[in-house]
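Heads up: the structure comes next, in structure tokens.
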Amino acid sequence: MAATLALMGEPLDPDGPTARRWLRDELSEPRYRANEPNAFDRAMQAVRDWFLSLLDGAGAVPGEVVALLVVVGVVVLVVVGILVFGVPRLRRRARSAPASFEDDRRDASAIRRSAEAAAADGDWPLAIEERFRALVRDLVVRELVQVHPGTTARSLADAASRPFPDLAPRLAAAAADFDGVRYLGRSGDAEAYARVADLDRDLQATRPALIGAGAGAGPGTTTGTETGRAADHGAAGDDDPTGATR
């Protein structure tokens, strides 16, 4: 710096004000400001000073030990925060989705609206889960499947495959998507949601296959529900002492 000033004709023996001006100009250069501590550095320094104050009476503590204690303290705080407050998205899913199919008392339309809202927010796990619940609720209302304590998505897909044999592979895939986001921590995506939503619409538009008692069932074959009703009707006819068919 002195050589530069000499070339510029500046005196090399400055007075007090000139020396202070030179010092301010020198320290204002970017290479000095780049080494200043940032907010994170100051926060870590404050934490370090706090730990040192706790260990003030324990003698000299190596810097490595202090750094380790700081890291452990931060990890503990993060873990406690997750345990107490949870991950925001997981907490929202836990509030929105019931624990089991049996506990879900919403109608299919309400569940579909919840699924569409989650999809609009990009919350694909919740969207996929809710859309599968919607198709299950619709099948329950149509008396094509039943839910009991402990009913799984796979068992529901298997039960729905009987009245909808052509959709059996898609039902199994939808159940796998549901299990993936519900229990396996998968993130899901727009394509998986679209598959479940398309299946839901196709199930609504498809007439259940007729299920007969024999392999050669013809046009008069009844569905599983109709077969049970016919059996009840037949049992009532057997009790008729006249033998007449009702």
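The values are calculated or read from the model by the stated rules, or taken from the named source; none is laboratory data. Keep in mind that this is a model prediction, so the values were computed, not measured. Neighbour counts are summed over all protein chains in view; Cβ atoms, including those assigned to glycine, are modelled from backbone coordinates with ideal geometry.
Of note:
- Count of residues meeting criterion [under 18 Å from A173 (Cβ atoms) and of a type in the set (G, A, S)] in the range 120-146: 2
- Any hit, the range 166-173, residues being under 20 Å from the mean Cα position of the chain (by Cα) and among the hydrophobic types (A, V, I, L, M, F, W, C): yes
- The lone exception for A197 - which of (1) touching a helix residue (DSSP H, G or I) at 6+ places or on another chain (Cβ under 7 Å); (2) among the small types (G, A, S); (3) more than 21 Å from W124 (Cβ to Cβ) it fails: (3)
- For the residues V74, V61, V84, V65, the requirement of being at pLDDT below 70 and under 31 Å from the mean Cα position of the chain (by Cα) singles out V84.
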